[in-house]
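What follows is one structure encoded as structure tokens, with my remarks underneath.
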Amino acid sequence: MSQILKARPASVMEASYNAQMIAFAPLVFQAAKCMRDLGILDFMSTKGKAGATLEEMASALNLTAYAITVLLEIGEKTGLTENRDGTFFLLPTGRMIQSDQMTRINMDFTHDVCYQGLFYLEEALKTGTASGLKVFGEWDTIYQALSSLPEKAQKSWFAFDHFYSDGAFPDALPLVFADKPTRLMDVGGNTGKWAVKCCTYDLAVNITILDLPGQLGLAKQHIAQAGVAERVTLCPMNLLDHSVPFPKGCDVIWMSQFLVCFSEDHVIALLKRAADALHEGAVLFILDTFCDRQMNEVGEFCLEASSLYFTCMANGNSRMYTFKSMREFIRKAGLQILDQHDNLGGSHTLIRCALA
Ligand SMILES: C[S@@+](CC[C@H](N)C(=O)[O-])C[C@H]1O[C@@H](n2cnc3c(N)ncnc32)[C@H](O)[C@@H]1O
């Protein structure tokens, strides 16, 4: 029997199967990742409809029959692979694990950034701190740690962050530049990817990036490589010091995948500081993923799982918010929503706000 989790199992046996999939989930996860990284799924894919035998895989991949067998037994029970009389075939879920970009990025992020730290999830839930972060060193939040994370963890973190925002940026650019802003402030601008895209999209725009010093060090290199350094100003700061006002005078304030990084109180305080920096006619754009604005259950599940990363690894008190709660934070900060666009890059919502 091979089956996947069903929210409403049809029988006690199915419910038990679901429960055992959860009970053994870390083992299943590691096995799937090994099938991907050891080349087993790829080998089966290249064999296509002919399938692959144990002997062929063992000799081509330099693995023992034992190693392949223990993995493929789990592959079969989790719907990745199928064994037809000793010949093995890749199934659609196995193909996703092997070649779907989003799945690969999510899996690497889970493994390299979250896996070891999640041992401390219970502690994080009780203390409201990112207890799992201790596996990487002594930090309060992952944002302070980012520029010094182990290489693999850093690579997987940036791949995860950029995959989601990169997909939405091309859709967002024409909406943000519709009114020809000349000065844009990117709050939490990270490595400067959005700033570079803006400078390339509109040759007249100037950008100010606010972020932690470590991230701006990486941004500086990226911006210089793109040849737009003279139009980008870097402002290193701890944005959680709410006594420091945001610089004024920008036509657009931009917050992309930024507010999710903070607790509700901090989100409202950050939005108030943005409101204080807006002049008449200036607007704030918020680009984020909201659990109640996803096109399907896959999107909802990814966001809800990612919330646990915020709980255990990022800062202990933020999450993927619903649009409904963000609307309330915006109102409390003295702002109003002018309009919104859903499904940018497949999962983001762009909210345009002005002073209420
Ligand atoms: C999830 S990343 C989003 C990056 C980028 N805007 C994007 O869309 O890909 C959040 C950014 O907020 C920054 N950040 C988090 N906490 C911060 C703080 N206390 N002060 C300044 N920046 C902070 C992080 O360094 C990071 O660059």
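When both bridge partners sit in the range 179-251, DSSP labels roughly 0% of those beta bridges antiparallel.
Over the range 295-356, what is the mean sequence separation of C-alpha contacts under 8 Å (at least six apart), divided by residue count, expressed as relative contact order in percent?
25 percent
With the contact rule set at Cα under 8 Å and sequence spacing of 6 or more, what percent relative contact order holds for the chain? Once divided by the residue count of the chain, the mean separation gives 14 percent.
Using alpha carbons only, how many angstrom separate the centre of the range 8-50 from the centre of the range 277-356? Here the two parts' Cα centres lie 33 Å apart.
Of the beta bridges DSSP finds with both residues in the chain, what % are antiparallel, to the nearest 5? Rounded to the nearest five, the antiparallel share is 50 percent. Compared with the dominant principal axis of the Cα atoms in the chain, helix 12-23 is inclined by about 60°. Pairs to check: LYS180/LYS220; LYS152/LYS248; LYS126/LYS272; LYS134/LYS220. Give those whose C-alpha atoms are more than 31 Å from each other in this structure. In this structure, LYS152/LYS248 exceed 31 Å between Cα atoms. Helix content alone sets the calculated 222 nm mean residue ellipticity of the chain: runs of n ≥ 4 DSSP H residues at -39500 (n - 2.57) each, divided across all residues, give -14500 deg cm²/dmol. The distance separating the Cα centre of the range 150-191 from that of the range 240-267 comes to 15 Å. The radius of gyration of the Cα set in the chain, together with its Dmax, comes out at 22.9, 72 angstrom. Rg over Rh for the range 12-99 works out to 0.98, both radii taken from alpha-carbon positions and Rh defined as the Kirkwood radius.
Here the translational diffusion coefficient of the range 208-324 follows from Stokes-Einstein with Rh set to the Kirkwood radius across Cα pairs; for 10 °C and 1.306 mPa s it amounts to 100 µm²/s.
Readers should treat all values here as calculations from the given coordinates under stated rules, not as data from a laboratory. For clarity, every value in this text was computed on a predicted model and none was experimentally measured.
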